[in-house]
Amino acid sequence: MTSTASVPPQIEKPAFGKFFLPGPTDVHPDVLEAMIHPMIGHRSSAMEKLLQGMAPRLSALARTARPVFVGTTSATGFMEMAVRNGVRRRALSLVNGAFSERFAGIVGACGKECIRLDVPLGAAVEPDMLRDSLKRTPVDAVTCVHSETSTGVLQDVAGYAEVVQEFDDVLLLVDAVTSMAGSPVETDAWKLDFVFTGSQKALALPPGLALGVASERLIQRAKTLEERGAYFDVIGFLTATTKFQPTNTPAISLLYALDVQLGRIERAGGIEARWKRHDAMRRRVEAWASEHGVPFLPREGRHSWTVSCLRLPEGKHSKDVVGALKQQGWTIGAGYGALKDSTIRIGHMGDHTVEALDELLPLIGRALE
Ligand SMILES: *Cc1c(COP(=O)(O)O)cnc(C)c1O
């Protein structure tokens, strides 16, 4: 993209394909370019057409026959939507890292009771643990994070969904921020009650939009809750979305970008091809890591397809590794929270490729020597 727009001097303009932060991730120039179109009215027929055109492709992306809500908010806004509309009085929060911790915090912040099921960083909550916990403690909803970006752990959400259905009237609320559009999230087949993502992760858009789907069960429950708030009210979203209307003035430029990105996903073979590419990137990092004796933080079988969290050898500091790569024009993530110094995170999500990883991994190897 050749742009004459002025950019603040402190922001470099690196080529696409070297920015492996686990969110925001790299945005393809064609998607960036989509955003320079003039505005349209948010109550215009042009807006209605734009939203109507995206609707079936969004449903394909989220594997659902239900309407997909698009909100102008970072993903955390839809975390709040899940809690305000999906928790009656008391939720069980599965906590295995920073983002699931945030989900638990929002339960409390919305005035609901939060019971926690904690596992160590790098571990997953297994479905049997969820069952035991639900037997001991009656709750009306469960919060969880599918791909815990802070530790690179992919949890068994399909397994949770089966467990939750053994109990009466317990809703499953799922943060799929770094799984949806990067690895299988079967919204309808798994019977998820609320599932959401944000634009800047595996969708590879700039930040600022959240996507979410609510089950009929959740809609029925929401109708009985009086303090759903206004901006994140699912009934408002449902009413607007089924009419191909935005709830409020949306981030119109980002909607242009989303439209273009949905087209790119389709032309590249659809959502399953996208999963496959992410699976290949995960396997590439796994093969490299085992060859070089670099351990993953999570155990085998629980590796996220979009973010690999690697443990650094004794004496190595994430700051030095990230800095060495930065000098060569590449960006990866340091660890998160308590793991900040001792791990690195490669965000191989969105429009990244195995070919780019083939260039990046040897550079990481050299930085680890
Ligand atoms: C990035 C992320 C979030 C938060 O997203 P924001 O868009 O910053 O609000 C939530 N959950 C997970 C798993 C994430 O990776």
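Observations, loosely collected:
- Here Arg57 qualifies as more than 16 Å from the ligand (Cβ to nearest atom), among the basic types (Lys, Arg), open to solvent by 40 Å² or more (accessible area, probe 1.4 Å) and not in a strand (DSSP E or B).
- Subset tally (residues that are small (Gly, Ala, Ser) and open to solvent by 20 Å² or more (accessible area, probe 1.4 Å)) for the stretch 60-81: 3
- Qualifying residue in the stretch 1-20 (condition: open to solvent by less than 40 Å² (accessible area, probe 1.4 Å) and touching a Phe, Trp or Tyr at 6+ places or on another chain (Cβ under 6 Å)): no
- Within the stretch 348-369, residues that are within 13 Å of Val285 (Cβ to Cβ) reach partners that are among the hydrophobic types (A, V, I, L, M, F, W, C) and open to solvent by 30 Å² or more (accessible area, probe 1.4 Å) with beta carbons closer than 6 Å, at six or more positions or on different chains, in the pairs Val354/Ala280.
- Condition check for Phe244: assigned by TED's automatic domain parsing to the domain that holds Asp193, within 19 Å of the chain's Cα centre (by Cα) and modelled with pLDDT of 95 or more: no
- Yes/no for Ala82 being in the same structural domain as Val125 (by TED's automatic domain parsing) and among the small types (Gly, Ala, Ser): yes
- Every listed requirement among (1) open to solvent by less than 10 Å² (accessible area, probe 1.4 Å); (2) out of contact with any strand residue (DSSP E or B) (no Cβ under 9 Å at 6 or more places or on another chain) is met by Val142 save one, (2).
- Test: residue in the stretch 254-275 that is in contact with a strand residue (DSSP E or B) (Cβ under 9 Å, 6 or more places away or on another chain) and open to solvent by 10 Å² or more (accessible area, probe 1.4 Å): yes
- Neighbours by Cβ (under 6 Å, 6+ apart or cross-chain): first from the stretch 294-318, away from the ligand (no atom under 15 Å from the Cβ); second of a type in the set (Asp, Glu) and in a loop (DSSP other than H, G, I, E, B): His317/Asp341; Ser318/Asp341
- In the stretch 38-55, the residues that are free of Cβ contacts under 8 Å to residues at least 24 places away in the same chain reach residues that are open to solvent by less than 30 Å² (accessible area, probe 1.4 Å) and part of a helix (DSSP H, G or I) with C-beta atoms within less than 7 angstrom, at least six apart or across chains, in these pairs: Gly41/Met47.
The values are calculated or read from the model by the stated rules, or taken from the named source; none is laboratory data. Note that the structure is predicted; figures quoted are calculated from it, not measured. Note: ideal-geometry Cβ built from the backbone for every residue, glycine included; neighbour counts use all protein chains shown. All accessible areas refer to the heavy atoms of the entire protein, side chains included, with ligands and DNA or RNA removed. Shrake-Rupley method; radii C 1.70, N 1.55, O 1.52, S 1.80 Å.
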